[in-house]
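Only one structure is covered here, and it is reproduced in the block below.
Just so it is clear, none of the values below were taken in a lab; they were calculated from the coordinates. Note that the structure is a prediction, hence the values are computed from the model and not measured. When we count neighbours, we look across all protein chains shown, and the Cβ atoms used for this are built from the backbone with ideal geometry, even at glycine.
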Amino acid sequence: MTTKLPAKDVVIIGLGWTGSILAHELTEAGLDVIAIERGPWRNTATNFAPNYAQDELRYRIRHELFLQPAQTTFTFRNKMDQNALPIRSWGAFMPPNGVGGGGVHWNAETWRFLPSDFVLRTHLTQRYGAKFLPQDMSIQDWGVSYDDLEPHYDRFEYLCGTSGTAGNLNGQIQPGGNPFEGPRSRPYPTPAQQQPFSHALFGKAAAELGYKPFPQPSGNLSQAYTNPLNVRMGPCTYCGFCEWFGCGNYSKASPQTTLLPVLMRKANFEARDLCEVTRINTDSTGKRATGVTFVDASGNEYEQPADLVILSAFTIFNVQLLLLSKIGTPYDPLSNKGVVGRNFTHQTISDVESFFDKSKFNFNPFIASGAIGMCIDEFNGDNFDHGPHGFVGGGYMGQVQTGGRPIQTTPVPPGTPRWGAKWKDAVRDNYLSALKPGTGVHGSMYSYRDVYMDLDPTYRDRFNRPLARITMDFHDNEIKQNAFLTDKFAEVFHAMGAQQVHKIYRKAPYDVTEYQTTHLCGGAIMGTDPKTSAVNRYSQSWDVPNLFVMGASNFPQNAGYNPTGTLAALAFWSAQAIRSRYLKNPGPLVHA
Amino acid sequence: MAPPSRRDVLLGTAFVLIGDAASKAGVVRGQLPWHANAGSPPQPITQSGWLFFTADEAAAVEAIADRIIPPDPNTPGGKDAGCAVYIDRQLIGSFGTSADLYTRAPFVTGTQQQGPQSPDPPAVAYRKSLAALDRYCRAQEGKPFAELPAGRQDQLLSGLEAGSVQLEGSDGKAFFGMLLKNMQEGFFADPIYGGNKDMCGWKMIGYPGAHYDYRDWIGRHNERYPHAPVSIAGRPDWTPKQA
Amino acid sequence: MSTSAARVSLVALLAWLMLSSSARVQGATFGASDRQDFAQIERGRYLTRVADCVACHAGADGTPFAGGRPIETPFGMLRASNITPDGATGIGTWSDAQFDAAIRGGRMPDGSRVYPAMPYPYYTKMSRNDVLAIRAYLNTVPPAHHEVMSNQLPFPYKMRSLMAVWDALYFKEGEFREDASKSPEWNRGAYLVEGPGHCGACHTPKTSLGGDELKHAYQGYALQGWFAPDITDSEDVGLGRWSPTDIVEYLKGGHNKYSAASGPMGEEVVDSSSRWTEADLQAIAEYLKGLPAQREASRPLAGGDPVMTAGAAIYWDACSACHKADGSGVPYLFPDIAHAPSVASREPTTLIRVVLQGAETAATDEEPTGPQMPAFGWQLTDAQVAAVVTYIRNSWSHAAPPVSEREVRAARTSLALDR
C-alpha cells in the first residue's frame, strides 16, 4: 500500500553534489524542497572521524562508503553480441551512496573543461575535416559554452575554497598556472597546495623538457577558509587517505563541509535518508512529472508529489530511472534512434611506474592529498596538432600519486615474482623510492554508437526492476591516444632520474575489474536537438519540462579532465535558469 | 542536540535539560544529526584461536602464508605476521559470506573482463579449495601441505598460480589469486584486523600507518621519515610507562 | 472608626478599585501587563529569550511553553509547569501579582514555595516592569491544555515547607540595585548576568545544599558531566585572554577564535544568547571582564614525566591533525586548546567527556558550520585518556592538576549510564 505524502514544491532524487546545490538554490528561492537519498546520512566527526577514517582495508579494499552491490548493481558486456553479466563486486568504478554522494570520497580534483570541449564536433571538424573522425564516433556539441559556464565554475570553486594557481586571468596567461585553461574571471580562492618531493620533482623535470607544469586544482584546501555561506573549512594535512575515504578534518570540499550545514538550517528543507526512489511518476500524458515513488528501509512505499523533479542520482541511476519511468525514447544502437542511454562514456586511464635509486631518492609516498601533483596539459583536448597522429582527444598527465597505502602501493620492478622472498625483498627495497601515480594519464573517452546504456533483460534488483546494462569497449581512437600520451608521460620519469620506467598502457578490451576512475558520463546527454539528446542546455528534459536531470549524465562525451567541476557548474547554471526563468513561467526553456 | 536523558542535579538552581528538535523517524531537518556514540568505529581483533578454520585448515593456511611471505632475519613471515588470523576473521565476516555483493542468479561464467561470477562466496571457496588441496597433497605426497618441505610447497603454489596444478572441484587458479590478495592484505592492513602484527609489515617498508598530519613534513623533500608507525589502535608509546 | 472616616475609606477603596480596573482596561500606566500593548509584548518576548524560559518550560512535544519536561534531581523528579495562558492547566487565571511573586519571590499562588530548579534567586533581581512584560508576552502564547504534575518528589522532599530552610540560607529577595560608580553599560550587563540571564546558576560553585558559594561567584561549577567554566577575568581558567569582542562572538555565534560552545552551553547559545541584541551582549562582556580573577598558582607537570610523554605521543598522532602541534587549532573551527579557558579548569570534567564521547558545537546563523569533535572513548584506554588530558592541561600556557585513570573510569561509567 502506498502512502501519499503532502505535496512539496520540489523533490530532489539523490543528495550528492548536484542535489545539494539545487536544494540550496531552490530553498533560497523560497520553495519547499525535499531530498530523497538512497543511502545513509554521513557526518564528518561520526562517520569519517580522523581516528578511524584512515583504514585502507575497510574503505579502499572493501569500499565501505560506496554503494554495496548487494543493494543494486549493473550488468556489463563489451559488445552487443555478448550477454551482459552482473558486476558482482566493484572494480572499474565505484558508485556512490549516501548523503554527500561522490562528494564525500572523491579526490577533490577540481578541473574545468576546455572551451573547445563544449563545441567538440564543430571544433574538430573545422580543424581536421569530418573524415578525420571515426564514422561511428558520436560526439556532439553541448549547446552550452565555456563562457556560459565560467561564472558558475567560479561559484563552485569559491564554494569549495579550491586551491590552485590561475593560468589564464581574463585572457592574460599567468606564469605557474595552466596556460591552456579557458579564461577565468578571478584567481582561485586559496593558493595551490604545497607539493611533496616526487610531485615537485615531476614538475621540475617537465619544465626542463619544455612543458608548462602547474599544480593540480585541489578541493583539499591549502589553508583554512570561510566560504560565501560563512561555512568554515580547515587546512588539508596531506594524510594520504583521500579518494575512497571521507575526510576527517573538514579540509576536503564536500556537500557536508561546504553546503549542508546551511541547508539543514532552512525551515523549507527536509531530507529523507535510506529511502530509494523507484520511479518518477508522470501524468496520463507522460509529459508532466507528478512526483516520485520511493521505498524506505522497512520496505514501505510512499508517493511524494511535487511540482518540480530534480533527478541527481549519479549518471547510471539517472539513466536507469528515466528508462524505468518511461521518460524519453530509449536509445537503440542498431537504428541509431532514441536518446536515453546514448553516448555513454568513461575515461581512458593509464599509469607509469618508475623505480629510482633508493640511496638517492626518498619519496615518502604517504604524504599526499587527493588532488596533489604537478600536471601538464599540453596533450589534452585539442591543445596540440592531432593531424600527424591519427586520433583525437587527450588528457592531462601528472605525478598525481595520492598516497602510499601499502595494500595497493607496493610497486616492484617488472619481472619480480608476485610472491615469495624475492617479492618481499623487492617491496621493501622499492617502497620509498618507487612511484605509482595511479591515474597518471587522465585521457578523454569520446562517444560511440555501440557504447551505451539500456536495461538488462535478465538480472533484477531487490524491487524486481531490471538492472541497468552497460555495453562498453575501447575504440582504436582512445587506444592510440593513450599509447601516445603514456609514452610522453614516461619520458618525464626518465628525466626525473628513474633507473627503470614501466609503462602500463591501457588496452582493449575494457575490463570491468580494473579501477579506472568513477567518471562515468552520458546516457542522458545535453544537446540542441531532441532527436539526439535527452535534455536541453539547461539540463531540462525535452520530454518532461518539469524534470531536470543533473550530473555527468549530461555530458555528450567525456573530456580529459575529472568531471565534478563541470557538473557542479552546470548545476549552478541550471539553478539560475530555473530561478530566473522557469519558476516565473514553467515550461520548456528551449524550443527546439 | 542529544535526546532527553537522565540527568543528576543537585537540589538548587543548577540543572541541565537537553532539548531535542522534533523529528520524525527517517526525516532529517533543522540541524545536522548528531548523537553521542554515532558512527561505527572498528572493533580490533583481540580474541585468540580460530573462528573459521579448522586446526588442519589453519595449519595449511599458515604454511601457505610463510611461502607467500617468507620469514627473513629482519621481518616476520606471513605466519608470524598473523596473515592466517587475518583471513580467518575476514572469512567469518561479510567478506566471507559476500554479504555486500550481488549474489543473485543466474551464475554464468563470462569473459575475464566481466569479473568474477562464481556462486561460491570466499568462505565456501576457501573450505572447498583447502579440502581439495589437502586431498591432492595426500594423494601426491602422502602428507598434508603443511608437512611438505618448503621447496615442494613453492612448486605446488606456482602450479596453482599457473593452472598446471588442478584441484578437483575447485578453481585452483582463482583460489591462488584470492589467497595472494588476502595474504598481502593481511600483511599490510591495520593490525586491528589480526595481521601485520606489531605493524611489522609497515616497519618493513617505512610506512607510518594511521598518522594523519604531515604539514610539518610536506616541505622536507628527500628526507627519511624516522618516526615509528601508529595503528588505529595506537602504538606502545601511547601508554604511560610505569615508573 | 467614625462613620465619616469609614465613609472616606470606603470611597477611597471604591476609587482605588475603579482606577485599578480602568488601568487594566486602558493601558500599562499602573504597571499591569496588558495584552494590547505591542511594545510591552515585544519587550516581553525578548526578555523571555534572555531568561531562556523555553529551556525548561517548552512542551515535551514542542508546544510552546506547555511544560511537562522532566527535571531529574537526586531527590526525585520535577516537571516544569505549563506557563501558557490556559485557564485550567496553565497560568491563565493567575493575577500579575501572583506571576510576579512566583518569578521574583519564589512563591506559588497558594503560598507554597517554588523549588529553586526554577531560578527565582536570580530572577528576583529583575524589575517588576520586566516581569510584567514577560507576562504580557506569555499571555499571547496559544493556551495549551496540558496537565502537568509538577511535583513528583517522594516524601519528605515533596514538602515545599522544607524549602523555607533553603530560602532562608540562600534566597536574598530583592531587585537589582545599580552601582552609580559604574557605567550604564556595566550596570546593564550586571543586571542581565545576575538577573534574567542567571549565568551563576551554572557558572557559580554551589554548596552541598545547592546554594551559590557567593565568594567564588562565577568561578565554575561541574554539573551533569560538564564543567561550566570560570567566567571571571582569569587568564588561565577564565576570560582573561578574551576581548569583549571575543565574548560577544561566542555568545552570539557559539564560536570565537579560541573556543566553541557545546553541550548545555551550545543549547544556551542556540536558544537564548544568539538572539540577544548586540548592545546587551556588549554590556555582558563589560560586566564579565570586570569580575576579578582568583589568583591560583599552579606549576605545570614536567615534560619528562611518563604521563606527559605518553600524552604527547597520543596528542601528536590523534589530536594534532585538527588542533595542530601547537594547540592553536583553526579559528572558529577547531578550538585553540593552547589558550581556551575550559582546558585548564579546576575540574577536567568537560575535557574528559569531550575526549571520550566527542561533542557537537552550536550552529547559529552567524556560525552555521557546527563542527563536531569525534569520540575517542572507543579507541583510548582510561590510562591513555588520562595521559592525553593531563598533557593538554599542562602544555602551552596551561598548568593544572593531572587527571587520574580513576577519574576517567568514573566519567566513562557515568556517561554510559547517561543514555
### Solvent-free Debye scattering, log10 I(q)/I(0), computed from the Cα coordinates of chain A at q = 0.06, 0.08 Å⁻¹
-0.28, -0.51
### Query
Along the Cα-to-C-beta direction of B:Thr103, a point sits 7 Å from the Cα; which residues of the range B:117-146 have their amide N less than 16 Å from that point?
B:117-128
### Task
Using a Förster distance of 22 angstrom, determine the FRET efficiency expected from the C-beta separation of C:Thr245 and C:Glu42, and round it to 0.05.
0.20
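Please work out whether the range A:43-174 counts as rounded, prolate or oblate from its C-alpha gyration tensor, where a ≥ b ≥ c are the square roots of the eigenvalues and a/c under 1.5 means rounded, while otherwise a/b larger than b/c means prolate and anything else oblate?
Because a/c hits 1.5 or more and a/b fails to exceed b/c, the range A:43-174 counts as oblate.
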### Query
Extent of the protein assembly as shown along each principal axis, from alpha carbon coordinates, in Å, largest to smallest?
128, 80, 60
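Going by average Cβ neighbours within 10 Å, how do the peptides C:191-200, B:116-125 rank, with the highest at the top? Spell out each step's value before the answer.
Numbers: C:191-200: 23.6, B:116-125: 17.1.
Per-residue Cβ counts within 10 Å, averaged per peptide and sorted highest first, yield C:191-200, B:116-125.
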#### Entry: Over 31 Å (Cα to Cα) - which of A:Lys360/A:Lys422; A:Lys212/B:Lys203; B:Lys143/B:Lys173; A:Lys424/B:Lys241 fall in this group
A:Lys212/B:Lys203; A:Lys424/B:Lys241
### Task
Give the cross-link partners of C:Lys182 among the lysines, using a straight C-alpha distance below 20 Å as the criterion and excluding same-chain residues fewer than 8 apart.
C:Lys125, C:Lys289
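What does the extension gain come out to for A:Arg418 and A:Lys358, with contour length at 0.36 nm per residue minus their alpha carbon separation? Working shown, then result.
Numbers: separation 60, 0.36 × 60 = 21.60 nm, distance 2.09 nm.
So the chain would gain 19.5 nm between A:Arg418 and A:Lys358.
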### Task
In nm, give the distance between the simple-model label positions of A:Thr165 and C:Thr277, each being 7 Å from the Cα along the Cα-to-Cβ direction.
5.3 nm
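In deg cm²/dmol, rounded to 500, what helix-only [θ] at 222 nm does chain A give when every DSSP H run of at least 4 residues adds -39500 (n - 2.57) and the total is split over its residues? Spell out each step's value before the answer.
On the way: 12 runs with 120 residues, N = 592.
Here the helix-only value at 222 nm equals -6000 deg cm²/dmol.
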### Virtual paramagnetic centre 7 Å along Cα→Cβ of C:Gln294, amide N under 19 Å, in the range C:385-419
C:399-402
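Taking every residue in C:327-335, how many Cβ atoms of other protein chains lie within 10 Å of its Cβ, on average?
Numbers: counts 0, 0, 2, 10, 3, 4, 11, 5, 0.
Partner Cβ neighbours, averaged per residue: 4.
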## Note on the structure
Summing +1 per Lys or Arg and -1 per Asp or Glu among the other residues with Cβ less than 11 Å from B:Glu161's Cβ gives +1
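Under the classification rounded if a/c is under 1.5, otherwise prolate if a/b is larger than b/c and oblate if not, where does the range C:264-384 fall, given a ≥ b ≥ c as square roots of the Cα gyration tensor eigenvalues? Spell out each step's value before the answer.
Details: a/c = 2.30, a/b = 1.46, b/c = 1.57.
Verdict is oblate for the range C:264-384.
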### Query
Which distance in nm do the two modelled labels at A:Val590 and B:Ala174 give, with both placed 7 Å along the Cα-to-Cβ direction?
4.6 nm
### Estimated vicinal HN-Hα couplings, Hz - the range A:580-586 in sequence order (Karplus 6.51, -1.76, 1.60; Gly, Pro = x)
8, 10, 4, 5, 6, 8, x
### Task
Provide a whole-number value for the mean count of partner chain Cβ atoms within 10 Å of the Cβ atoms in peptide A:403-409.
5
### Peptide A:192-201, shielding by other chains (average Cβ, 10 Å cutoff)
3
### Summary
Partner lysines whose C-alpha sits under 20 Å from that of C:Lys324, ignoring same-chain residues fewer than 8 away, are A:Lys252, C:Lys257
### Query
If the cut-off is a Cα-Cα distance under 19 Å, which lysines reach A:Lys507, setting aside same-chain residues fewer than 8 apart in sequence?
A:Lys79, A:Lys436, A:Lys480, A:Lys488
### Query
How far apart, in nm, are two points set 7 Å out from the Cα along the Cα-to-Cβ line at C:Glu175 and at C:Thr413?
5.1 nm
#### Entry: Per-peptide average of other Cβ atoms within 10 Å, ordering B:92-104, A:365-377 highest first
A:365-377, B:92-104
### Summary
Here the range B:137-152 yields Karplus 3J(HN,Hα) values (6.51, -1.76, 1.60; θ = phi - 60°; whole Hz; Gly and Pro given as x) of 5, 5, 5, 7, 10, x, 9, x, 3, 4, 9, 7, x, 4, x, 5
#### Entry: Between the range B:58-135 and the range A:351-403, the Cα center-to-center distance that results, in Å
35 Å
### Task
State the antiparallel share, in %, of DSSP beta bridges confined to the protein assembly as shown, rounding to the nearest 5.
70 percent
